[in-house]
1. Would it be correct to say that THR64 is over 13 Å from the mean Cα position of the chain (by Cα), of a type in the set (S, T, N, Q) and either modelled with pLDDT under 95 or surrounded by 11 or more Cβ atoms within 10 Å (Cβ to Cβ) (or both)?
2. Could we say that ARG32 is surrounded by 11 or more Cβ atoms within 10 Å (Cβ to Cβ) and in a strand (DSSP E or B) here?
3. I want to confirm something. Restricting to segment 6-22 and keeping residues that are within 12 Å of VAL44 (Cα to Cα) and not aliphatic (A, V, I, L, M), which single residue is surrounded by the most Cβ atoms within 10 Å (Cβ to Cβ)?
4. Hey, any hits in segment 39-59 for a residue that's farther than 21 Å from PRO4 by Cβ, in contact with a Gly (Cβ under 7 Å, 6 or more places away or on another chain) and not in a strand (DSSP E or B)?
Amino acid sequence: MTRPKHKVKELEAILTEAESKGWRVEKTTYFRLRCPCGKHQTWVHLTPSNPKYAQEKLQKLQSTGCW
């Protein structure tokens, strides 16, 4: 089963990159990302109000040792 796409293209790109790096992406109320080692997880909101949300989310993911 494939996951639904995120409506924001920048956030969809982050989800796609996460999947290619082995992160598990689950769609609940938000999109939940879990790293391969199981130590890190984060959520991607569906309608973020911060215009820099995608950039900040990517920076947070890159700061983990699993990205």
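The values are calculated or read from the model by the stated rules, or taken from the named source; none is laboratory data. Since the structure is predicted, the reported quantities are computational estimates derived from the model, not experimental observations. Because the Cβ atoms are built from the backbone with ideal geometry, glycine has one as well, and the counts that use them run over all protein chains shown.
1. Values: over 13 Å from the mean Cα position of the chain (by Cα): no; of a type in the set (S, T, N, Q): yes; either modelled with pLDDT under 95 or surrounded by 11 or more Cβ atoms within 10 Å (Cβ to Cβ) (or both): yes.
No: the conditions fail for THR64.
2. Details: surrounded by 11 or more Cβ atoms within 10 Å (Cβ to Cβ): yes; in a strand (DSSP E or B): yes.
Yes; evaluated as a whole, the condition is true for this residue.
3. Ranking the candidates gives HIS6 first.
4. Scanning segment 39-59, I find no residue that is farther than 21 Å from PRO4 by Cβ, in contact with a Gly (Cβ under 7 Å, 6 or more places away or on another chain) and not in a strand (DSSP E or B), so the answer is no.
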